[in-house]
Every structure is written in structure tokens, then in C-alpha cells.
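Asks: Submitted below is the structure of interest, expressed as C-alpha cells.
The values are calculated or read from the model by the stated rules, or taken from the named source; none is laboratory data. From a predicted model like this one, the values you see are computed outputs, not experimental measurements. Cβ atoms come from the backbone with ideal geometry, glycine included; neighbour counts cover every protein chain shown.
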Amino acid sequence: MERFAYYDTGHEFPEEIVMAAGFTPYKILGDVHEPTDPADRYIHNYICPFSRSALTEGMAHSEEWAGIAFCHGCDTTNNQYDIWKRHVKTNFLYWINTPANNNKTARPFHVRELKRFIDHLEKNFKVTITTDKLYAAIKTSNRVKDLMRQLASLRASKDIPNPDYHALVRKCVQMPKDELIKELETTLKDWKKRPEFPANQVPVLLTGSDITYPEFMEALESAGLRIVRDDMSLGERYFAETISEKGDPIEALVDYNSRIPQPPTRLPFEARLDYLFKCLRETPVKGVVYQTIKFCEPHLLDQPYIIDQIKKAGYKVIIIEREYTPVIDQQVVSRLETFREII
Amino acid sequence: MISVGLDIGSITTKVAVMKDGKILGTDISFTGYNPEKAWRDILDQMLARLGLKESFVDRIVSTGYGRNNVSIAHKKITEILCHAEGAKHFLPKVRCVIDIGGQDSKFIRMDEGGAIADFVMNDKCSAGTGRFLEVMARALEVPLDDFGTMSGRAKNTVRISSMCTVFAESEVISLISKGESRENIIAGIHDSIASRMVSMMGRTGVVKPVVMTGGVAKNIGIRNALEKKLGIKLDVPETAQVNGAIGAAILAQNLNGSNL
């Protein structure tokens, strides 16, 4: 099945629509091991390095994809649409203007945007996206989310190293869903048999910029910080909620989008805090890791308020601003290890 | 009980040997390319000087960037904890520690019970660290050890606006070409490091008494600049540069079956 790529800094992209169109949704995650020189020609190096890596991937691989869609995200993503239009070879580049607000006015707008996307897909790829196909895709998507919820809940009780969890959430957004479901079912059986939560790790909540490469997850693991909850797009945001399988499927997708844990690009940002506190109420943790990738403005903007509120609730928090590199700075390692020691 | 603390820093390796809470000896050497050789050599020399065999040592704790290279350590502990412990040994009521080392600068705030309440560290950038001073010393062709006394002779503290080591070096070269005196430039360098440190300290808040540790604590110019900006007197131990190793040796003394 041909892949349809999407560039989405949150979890805004309606994967189910491209699944119903007969494609495998593929989230562009860049490659931290590849230099971003091709993208650096068009984007200054004081702009989010992940976005430059995503553009580099787009420039190198776009012709392997049926099409590419952007979703409204951070200002960096939004403003790069024009750069992609000019420098990335593709027959189909589309912008889905997912609303930043989450209210009664925004929802009909969102429905219209998704219908417009369906219309363009149907015309461009000569396909028909029927209600039945949408429901089949929603059902598949819900199965993935259900399995992921079961798997993620084992993090607090079993020995599930951070890179193992990270590998799964990456697969969720890049792998064909039928293969993915089989793999998740096998993994669930395996994880249930894993040893108990190890004594040399402390449970923490992870928030901040999406972590797209395993090396940073390994650094957290080596420092003894075991992630048992998170609110990442490559994480719980992707599977925390189920899509309704009743009524109009587009309305169901919009309703789903209004219930998922919010990224920092959505308003109001208190809603993001609500989910973090929900995690903290549900799962005992010893501390909170708030990490941002360099120049990640939405997260840096939220950070003072979110940190302040979490600290006021009595939790220890560490703030890390990381470079986009697989080689983790010794300063960062020392800070993580110190945090582990003091909590 | 005999314990050893080994602090393998980016520039220097430090060792401290303690017996029943008393410091028997300390030493400093350059780390160089091979941290394993650095700690092995300094440990062997230190033990030989004290007339001790390695088998007499009950516990070893390593710290610093090279802590994971010490294969014989019973435990590896971060430099934040070790510096806090070393400062408490020097001044039991200490509430804050400023530590400026070769590659990083840190500020540690402790609660009334001496536990670490918060800490901040510089990021990857070397501005405001010992390495920054080394680069400036090279540009000015002045031995680093003379920086402190020379800044005391400054008639005017020039402003070094750039916080980046590379850009600051260019700025210093521009000041030299303008005919600015070395003394005034050095005073400006100290002032810029102190500004950066005070800004970092502002993130967690300062509580007296404050102990300054690390190799840069030997520089009277930096100490004066910090005291002026903070409006407080800093306590600086004689053993400031080996404070992390002393802290490691103390923590090694406290290791037992449950925290090994």
C-alpha cells in the first residue's frame, strides 16, 4: 500500500481519511543522523532543527510518497508550507487548516476543512472515500489506540525501558496499520510477561517537545528516569482517546480531535495542564521531566506557566533544553542523573 | 574507614583520601586525553605518598564528567551532589554553592536540612567557565594565574557584551587593537562571567551563606565581581578546586549495603 506522508507537529492529522483513501499514513519524523544541509539552504539555523530535518527528509523522499499534507501546528511548520511547495517534488501537497481553538465555532470549521481534504483526495487520486471506508479506518485506528493504551499502562508496573516504548509509538505513525496491529498484539503478550518495575529506576512523567529519536530516550533510561506517563504526540496524545464509531464519521473525527490531550499550539493552554494533572493523579511519579528541543517556541512559551503549576502541586521538575543530535551532551546527562539522585 | 573520592573533570582530575571523616590528602593533575590513565596515575601517586595500598581503601566514589571511566568505583555520583557535600564539610550551614569548573558552571541551592532543593547548570555553551578564561588568557597572552591580581589593577571595567566564547574572543581582540589595557579587559571578562552566573542564580534564588568552589574560585577577580553583584560575601575553602573530590570521599564514607 502506498504511503501518504504528513507533517504534523501535534496529532492533528486525520490518518483515518487517508486510510479510507487506500493509503498508509506516514508521519514525517526527520532523521537526526542525517545532516540537514539541504534544508539549511532555505531555513536559518536558529529555526527548529527538527523542522529542518523534516524538510531534508521531504526533499530526499517525497517522490516515494503518494502525497503530503500539512496540518496547522506551530508557526515554524505553518510557515514552511511555502518552502515545501517550492522545493519538495510532489504531485499533491495539501494544507489542512486544523483550528487552534477548541470551541463550538471552531468545530464546524474543522468539519468543513476535513470535507474539503476528502474532496481534494477524491479528485486528485480518483478514489471514493465512502462512509463505510471511513468507519473501517476508524475501527482499525481504535484497535491501535486500544492496544497502545494497554501497552502504555504496563510502563508503571513492568520493566519496559523507555526506548522500547518509543520504538512502538514511532511505528504507530509510520507502519501499515494491519502489520502494526499484529506487532502490537505480540508485544502486549511479551510485555505482560516482563519482570516487575525495576528498583534502579524512578517513575517520571515526560512532557515537552516530541522526542523523535531513541537516543534521548536512552539517556533518560541510563539516568534511571523511567517514563511511565507522557502527553506527547509521539505518545499518549496519539492513543489516549477513542474515535466514536457511531453517527457521521467526520463529526466523529472532529469530536475526537477536541478530546485528545492538547499540544502547546492549541488554545487554551490550561487544557494541556488538565491532562498532565490527570496523569499525575492516575499514576504515582517521583518527578516531571519538561524537555524542549532548541528553538521550540510553543513549548518554551508554555513552560513557565506549566512548570509553575506543577511545582505548586508539590512535584519536582527538571527543565532540559536539548540540541537536535543523537549524541547527548554530558551536561544534559549530569543534569538528568542529578535529578534522579535528588528525587 | 578509608575512602577515596575521584573527580575526573574536563580539564583536571582531583583525588581526595579520607579516613574516618578526616582528610588525609588531596591532589590535582591534568585529565588530558585518557581519563583512565589520569585517575589511575593520581590515585597511585596519592596512595604512595600516604603510604597506603589500594587494598586498604574501603570505598571509592567517582564524580565529574569522567566518572563512568573509573572501573574500580563502588558508586558513581554526579558532581552536583559531591560539590554540595564537599561544601557542607567546609561550612555545615551552607545554603548555596557556586561551582565554576573547566566546562560548566553550576549553582546549587540547599534546604535548611542540607538536602539539594534545586540546581541550575549552564548548557552546552562554555561561556562563563574555566575554558572561557583559558581562551581569553591565550588571546591576551597572560598566564591564567595572573588574571586575578591583574584585574585588581584595572582603572576601568570594560564591557564584554558577548556571552559566546568565540564571539567574546573576537571582542577582546577588537579591544586590544583599540589599545585597551589588559587589566581593564580582564576586569571586563570577570564582570561578564559574574553577570552570567548571577543571572543563573536568579532562577532558583540565593540564600546565605554561599560557598564558592571549583578551580575558578581561586581567581580573586571573579570572586570580587560576584560579591559586588550579589552584595554578599562568599565563603571560599582553601580546598575549593578539590571540593568535588572531597564530597565524593565523604559520600563514599557513607556508603553501606543499602545505598551501594
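Asks: Of the conditions (1) without any contact (Cβ under 8 Å) to a residue 60 or more places away in the chain; (2) touching a Lys or Arg at 6+ places or on another chain (Cβ under 7 Å); (3) not aliphatic (A, V, I, L, M), B:Lys208 clears all except one; give me its number.
Replies: (1)
Asks: Also, I was wondering about something else. If we scan region A:39-56, do we find a residue that is part of a helix (DSSP H, G or I), within 30 Å of A:Lys139 (Cβ to Cβ), in contact (Cβ under 8 Å) with a residue 60 or more places away in the chain and not aliphatic (A, V, I, L, M)?
Replies: No, there is no match, as no residue in region A:39-56 is part of a helix (DSSP H, G or I), within 30 Å of A:Lys139 (Cβ to Cβ), in contact (Cβ under 8 Å) with a residue 60 or more places away in the chain and not aliphatic (A, V, I, L, M).
Asks: Name the single residue, out of those in region B:63-82 being farther than 19 Å from B:Ile23 by Cα and hydrophobic (A, V, I, L, M, F, W, C), that is nearest to the other protein chains (Cβ to nearest Cβ).
Replies: It comes out as B:Ile80.
Asks: Which residues, counting only those in region B:83-113, are within 12 Å of chain A (Cβ to nearest Cβ) and more than 25 Å from B:Ser195 (Cα to Cα)?
Replies: B:Glu85 - this is the single residue of region B:83-113 that is within 12 Å of chain A (Cβ to nearest Cβ) and more than 25 Å from B:Ser195 (Cα to Cα).
Asks: Report, by residue number, each residue of region A:221-252 that is part of a helix (DSSP H, G or I) and out of contact with any Pro (no Cβ under 9 Å at 6 or more places or on another chain). Walk me through it before giving the result.
Replies: In the first step, residues of region A:221-252 are kept if they are part of a helix (DSSP H, G or I); the result is A:221-222, A:236-239, A:249-252.
Scanning region A:221-252 gives A:Ser222, A:Tyr238, A:Phe239, A:Pro249, A:Glu251, A:Ala252.
Asks: Here is a follow-up. Only one of these is part of a strand (DSSP E or B) and within 12 Å of chain A (Cβ to nearest Cβ): B:Asp7, B:Asp118. Name it. Reasoning before the result, please.
Replies: On the way: B:Asp7 fails: within 12 Å of chain A (Cβ to nearest Cβ).
Going through B:Asp7, B:Asp118 in turn, just one is part of a strand (DSSP E or B) and within 12 Å of chain A (Cβ to nearest Cβ): B:Asp118.
Asks: Hey, another quick one. Can you tell me which of (1) assigned to a loop (DSSP other than H, G, I, E, B); (2) of a type in the set (A, V, I, L, M, F, W, C); (3) over 19 Å from A:Pro263 (Cα atoms) is the one A:Leu29 doesn't meet?
Replies: Among (1) assigned to a loop (DSSP other than H, G, I, E, B); (2) of a type in the set (A, V, I, L, M, F, W, C); (3) over 19 Å from A:Pro263 (Cα atoms), A:Leu29 violates only (3).
Asks: Name every residue in region B:150-203 that is exposed (fewer than 14 other Cβ atoms within 10 Å of the Cβ), hydrophobic (A, V, I, L, M, F, W, C) and under 30 Å from B:Arg109 (Cα atoms), in order of residue number.
Replies: B:Cys164
Asks: Let me ask another. Got a sec? Which of B:Thr213, B:Thr239 is surrounded by 23 or more Cβ atoms within 10 Å (Cβ to Cβ), at pLDDT 90 or above and either closer than 27 Å to B:Ile28 by Cα or assigned by TED's automatic domain parsing to the domain that holds B:Gly130 (or both)? Give the steps one after another, and end with the answer.
Replies: Working: B:Thr239 fails: surrounded by 23 or more Cβ atoms within 10 Å (Cβ to Cβ).
It is B:Thr213.
Asks: If you check B:Phe147 against the conditions, is it within 14 Å of chain A (Cβ to nearest Cβ), surrounded by 19 or more Cβ atoms within 10 Å (Cβ to Cβ) and on the phi < 0 side of the Ramachandran plot? Walk me through how you get there before you give the answer.
Replies: On the way: within 14 Å of chain A (Cβ to nearest Cβ): no; surrounded by 19 or more Cβ atoms within 10 Å (Cβ to Cβ): yes; on the phi < 0 side of the Ramachandran plot: yes.
No, not satisfied.
Asks: Hey, could you check region A:286-338 for residues that are away from chain B (no Cβ under 11 Å) and in contact with an Asp or Glu (Cβ under 6 Å, 6 or more places away or on another chain) and say which is surrounded by the most Cβ atoms within 10 Å (Cβ to Cβ)?
Replies: A:Thr292
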